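**Student:** Mind having a look at this structure? Questions to follow.
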Amino acid sequence: MKKIFMSWMLLAGISSFAQEAGKAGELLKNEASTTEMRTSKSPDERNKTFDPSRSGNTAIPQRNGSGSGNRIKNSHYDWDRNYGYAEVFLRIPEQGFFTVEIGDQMIANGSGKYRFFDLSSGGMPLSIYENGFLIYRTTLMLRNNNRMVLDFFTNEGLYLLDSYPLQNQYGFNDWNDIWNNPYGSQSGGGYNNNGNAMDTQSFRHFFDTMMDNERFDDGKITMINQQMRVSMFTAAQIRDLVKAISFDNKKLALAKSIYRNCVDREHYIIVTDAFDFESSRRELMEYVSKL
């Protein structure tokens with residue numbers, strides 16, 4: 001009888017942690033009309049102007065009379081454009097190929113993970129397509145220096161799970177500071193301005209959160225990889241991150257991958273202090289010397 005009771009308690013505990021569609025977050029209204037949802041609109045069929053700096057490998061629609069002689073020249077350049085900065089992380093935990101569009105950015109894949117950076121703050125339209133058909137549309141109210149986290153279920157809708165402030169984007173506070181100053185004054189392609197790295201307080205908060213929430217190496221590495229998308233680190237910070245990993249083979253893989261995010265690469269040798277074996281130290285230094 002005791003075994004049956006314990007089995008029932010274990011099953012109840014597992015069920016309580018399983019996420020169920022529509023049970024978490026704030027449901028956001030679907031603003032797409034029935035007519036729109038019945039018409040296939042693949043990304044390249046829509047008459048839309050893309051920002052080539054944002055659209056990646058997406059083909060840019062040609063102008064009418066696309067010869068260079070017909071191009072209207074624009075001599076006005078806005079070097080200090082600043083519309084705020086926001087991020088949106090959206091998850092679709094279903095099998096299928098979806099296209100998610102927010103403002104002038106678009107991501108299409110079957111992985112179910114859609115991460116948007118460099119979004120302007122304020123009202124931003126979001127559209128979701130499945131196999132070219134619009135299935136959902138709403139307007140997000142993005143706050144400056146905040147990341148919005150969402151879940152989407154085709155049968156339930158779009159749920160806002162959370163919105164929280166970002167410590168730094170790109171590892172620095174002001175895009176124009178890093179673009180206009182160090183970019184023009186540095187020689188070579190390295191990063192030698194320690195001010196671009198995470199500040200001590202932000203790094204300590206991130207490190208402590210990682211250690212508190214993740215017991216195993218894979219979870220820690222996942223958190224580090226996510227932070228690498230938006231942050232730079234000092235060699236000392238990287239040493240601490242690598243040292244937090246248990247096994248030398250995973251330490252070595254992390255130390256290699258995070259090298260590009262180091263702001264003081266001339267001090268990278270201190271990262272070898274995190275390894276248990278001399279062979280791993282030598283391999284890291286050999287790897288760095290060939291870059």
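The values are calculated or read from the model by the stated rules, or taken from the named source; none is laboratory data. Just so we're clear, the structure is a prediction, and the values are computed from it rather than from any experiment. So basically every Cβ, Gly included, is an ideal-geometry build from the backbone, and we count neighbours across all protein chains shown. Just so you know, the surface numbers come from the protein's heavy atoms only, side chains and all, with ligands and any DNA or RNA stripped out. Shrake-Rupley method; radii C 1.70, N 1.55, O 1.52, S 1.80 Å.
**Student:** So, in nm, how far is label Lys256 from label Leu291 when the simple model puts each one 7 Å beyond its Cα toward the Cβ?
**Tutor:** Reported label-point gap for Lys256 and Leu291 is 1.2 nm.
**Student:** How much length is gained if the chain between Tyr83 and Thr209 is pulled fully straight, taking 0.36 nm per residue apart and subtracting their Cα-Cα distance, in nm to one decimal? Can you show the working numbers first?
**Tutor:** Values: separation 126, 0.36 × 126 = 45.36 nm, distance 3.04 nm.
Full extension from Tyr83 to Thr209 adds 42.3 nm.
**Student:** Which links in Lys113/Lys250; Lys256/Lys290; Lys220/Lys251; Lys220/Lys250 stretch past 18 Å when you go from one Cα to the other?
**Tutor:** Violating the 18 Å Cα-Cα cut-off are Lys113/Lys250.
**Student:** Take the alpha-carbon centre of region 233-291, take the same for region 87-124, and report the distance between them in whole Å.
**Tutor:** 33
**Student:** Starting at the first residue of region 132-137, write each ³J(HN,Hα) from the Karplus equation 6.51 cos²θ - 1.76 cosθ + 1.60 with θ = phi - 60°, in whole Hz, x for Gly and Pro.
**Tutor:** The phi angles translate into x, 9, 5, 10, 7, 8 Hz.
**Student:** With every protein chain in place, what's the accessible area of Glu156 (1.4 Å probe, Å², nearest 10)?
**Tutor:** About 90 Å², ignoring ligands and nucleic acids.
**Student:** Pull out a ≥ b ≥ c, the square roots of the eigenvalues of the alpha-carbon gyration tensor of region 220-269, then state rounded if a/c is under 1.5, prolate if not and a/b is larger than b/c, and oblate in the remaining case.
**Tutor:** oblate
**Student:** Here is a follow-up. Would you mind checking which residues have amide H under 5 Å from Asn145's amide H? H placed 1.01 Å from N; only 5 or more apart, or other chain.
**Tutor:** Amide H neighbours of Asn145, under 5 Å, 5+ apart: Tyr85, Ala86.
**Student:** Given a 1.4 Å probe, how much area per residue of region 118-158 is accessible, in Å²?
**Tutor:** On the way: 1640 Å² over 41 residues.
Result: 40 Å² of accessible area for each residue.
**Student:** Per residue, what accessible area does region 191-291 have, given a 1.4 Å probe and all protein chains present, in Å²?
**Tutor:** 54
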